[in-house]
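The values are calculated or read from the model by the stated rules, or taken from the named source; none is laboratory data. Everything numeric here is computed off the predicted structure, so don't read it as measured data. Here the Cβ positions follow ideal geometry from the backbone for every residue, glycine too, while neighbour counts run over all protein chains shown.
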Amino acid sequence: MSILVLGIESSCDETAAAVVRDGREVLCNVVHSQNELHKRWRGVVPEVASRSHTSRILPIVAQALEQAQVRPGQLAAVAVTHRPGLIGCLLVGMAAAKSLSWLHGLPLVAVDHIQAHVHVAFMVEPALPLPAVNLVASGGHTALYLVHEPGRAERIGTTRDDAAGEALDKAAAILGLGYPGGPAIEAAAQGGDPRAVRFPLPLRHAEHLDFSFSGVKTALLYHLRGNALERPMPALDAAQVRDLAASYQHAVVTALVGKLARAVRDVGARAVAIGGGVARNQLLRRRIAEEPALRGVRVVFPPLDLCSDNGAMVAGLGTLLLAQGKVADLDLAAAATARRTAQEAS
Ligand code: KG4
Ligand code: ZN
């Protein structure tokens, strides 16, 4: 008999719901992105985000069930992201999940958002060689995880300041490109010279596995406005924007790939995988595929819609936690921050 789990995600600016069969087969994956709402602020406004979730969550859940042709009574459980994220946003998804759980007598499963990003690798490749290293890079997080087994991942490196996606979002704002910045920089970099400007990569050669991205954004600002920011922002022609976008993207990707390769070497990983919105980036994927230090290591690139925030990853990890008997109570609380391991997470 197949196990159907509904996954609900509302931790940041995506309202999402999905139904997954047997922890792997994505029957539907409905995502509503709030990019249009936040673009004039060039960042997620928490209050605006939670209000939008409130008006969208029930139609999105209904749409997911309809697309999957599943009635609530057929579900084995409702899984929901309860951390980390914006508290007001998390509460909306959790209220919906708790209501469904109570109404239909379904077990409620609490899922850690970052661990769900990590778990996508097992949805794509259940027999992932272990141990594996997973790079999760998004607008809010950039970290490396040592994956011991499904549902058990340990953080071995993290950013000390900005996330990689945040660095791309801020650079796009400086360069007058679109929002969100990651895809805007990627598009603007097409045909640009990645070596036109050498941006610094702090911590790149440090022995540990931590990242730092705040300096690269400042370096872009100094490059344009002088070291004392004494100059006004110069008018840039299309070729200059292309070269700057390409050089900046090159710097961010080089920092990510360098630490990923170091992590694989340090822990003797047999596989690598990536997740989070930045994992959609094609240069990142190409550089990982071509990285000499990763030869002989199995590389998993999840489909793009399983990289950015979605409900399928929540349902996927939720299915595993359900099988392990890790069911939450209806008084489950939201938390803004992540825990270090999946074991603590349940
Ligand atoms: O995981 P995600 O959808 O949401 C969270 O932040 O949790 O990630 C969004 C981030 C944004 O910073 C966005 O600019 C970045 O992922 N992003 C990309 C690409 N698509 C989205 N960064 C680089 N290249 C992309 N194609
Ligand atoms: Zn995310």
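Numbers at a glance
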| read-out | value |
| --- | --- |
| Residue match in region 55-67 (condition: over 30 Å from Ser2 (Cβ atoms) and either in contact with a strand residue (DSSP E or B) (Cβ under 7 Å, 6 or more places away or on another chain) or modelled with pLDDT of 95 or more (or both)) | yes |
| Cβ-Cβ under 9 Å pairs, at least 6 apart or on other chains, region 115-132 side under 15 Å from Leu321 (Cβ atoms), far side part of a helix (DSSP H, G or I) and modelled with pLDDT under 95 | Gln115/Ala342; Gln115/Ala345; Val118/Ala342; His119/Ala342 |
| Selected residue (criterion: nearest to Leu108 (Cα to Cα)) from residues of region 9-19 that are hydrophobic (A, V, I, L, M, F, W, C) and within 15 Å of ligand 1 (Cβ to nearest atom) | Ala18 |
| Qualifying residue in region 241-257 (condition: within 22 Å of Ile185 (Cβ to Cβ), within 16 Å of ligand 2 (Cβ to nearest atom) and either modelled with pLDDT of 95 or more or in a helix (DSSP H, G or I) (or both)) | yes |
| Number of positions in region 272-293 that are assigned to a helix (DSSP H, G or I) and either within 13 Å of ligand 1 (Cβ to nearest atom) or closer than 20 Å to Ala187 by Cα (or both) | 11 |
| Residues of region 163-174 satisfying the condition of being more than 8 Å from ligand 1 (Cβ to nearest atom) and buried (at least 21 other Cβ atoms within 10 Å of the Cβ) | Ala167, Lys170, Ala171 |
| Positions within region 148-175 being touching a residue at least 40 places away in the same chain (Cβ under 8 Å) and closer than 24 Å to Val20 by Cβ, in sequence order | Pro150, Gly151, Arg152, Ala153 |
| Yes/no for Ser55 being surrounded by fewer than 22 Cβ atoms within 10 Å (Cβ to Cβ) and under 28 Å from Phe122 (Cβ atoms) | no |
| Among (1) under 23 Å from Asp161 (Cα atoms); (2) among the β-branched types (Val, Ile, Thr); (3) under 19 Å from the mean Cα position of the chain (by Cα), the one test that Val272 misses | (1) |
| Residues (within 14 Å of ligand 1 (Cβ to nearest atom) and not hydroxyl-bearing (Ser, Thr, Tyr)) located in region 120-140 | Val120, Asn134, Leu135, Val136, Ala137, Gly139, Gly140 |
| Among (1) surrounded by fewer than 20 Cβ atoms within 10 Å (Cβ to Cβ); (2) away from ligand 2 (no atom under 16 Å from the Cβ); (3) outside any loop (DSSP other than H, G, I, E, B), the one test that Leu330 misses | (3) |
| Tally, over region 216-238, of residues that are in contact (Cβ under 8 Å) with a residue 24 or more places away in the chain and either closer than 27 Å to Ala137 by Cα or outside any loop (DSSP other than H, G, I, E, B) (or both) | 6 |
| Residues satisfying the stated conditions in region 141-194, i.e. within 16 Å of ligand 2 (Cβ to nearest atom) and among the hydroxyl-bearing types (Ser, Thr, Tyr) | Thr142, Tyr145, Thr158, Thr159 |
| Looking only at region 258-287, and only at residues there that are under 18 Å from Ala172 (Cα atoms) and away from ligand 2 (no atom under 16 Å from the Cβ), the one that is surrounded by the most Cβ atoms within 10 Å (Cβ to Cβ) | Leu283 |
| Yes/no for Leu135 being over 27 Å from Val30 (Cβ atoms), in contact (Cβ under 8 Å) with a residue 24 or more places away in the chain, within 14 Å of the chain's Cα centre (by Cα) and crowded, with 19+ Cβ neighbours inside 10 Å | no |
| Conditions (1) surrounded by 22 or more Cβ atoms within 10 Å (Cβ to Cβ); (2) within 16 Å of ligand 1 (Cβ to nearest atom); number of the one not met by Phe301 | (1) |
| Matching option when the condition is under 28 Å from Ile60 (Cα atoms), without any contact (Cβ under 8 Å) to a residue 24 or more places away in the chain and of a type outside the set (A, V, I, L, M), among Gly318, Gly277, Gly325 | Gly325 |
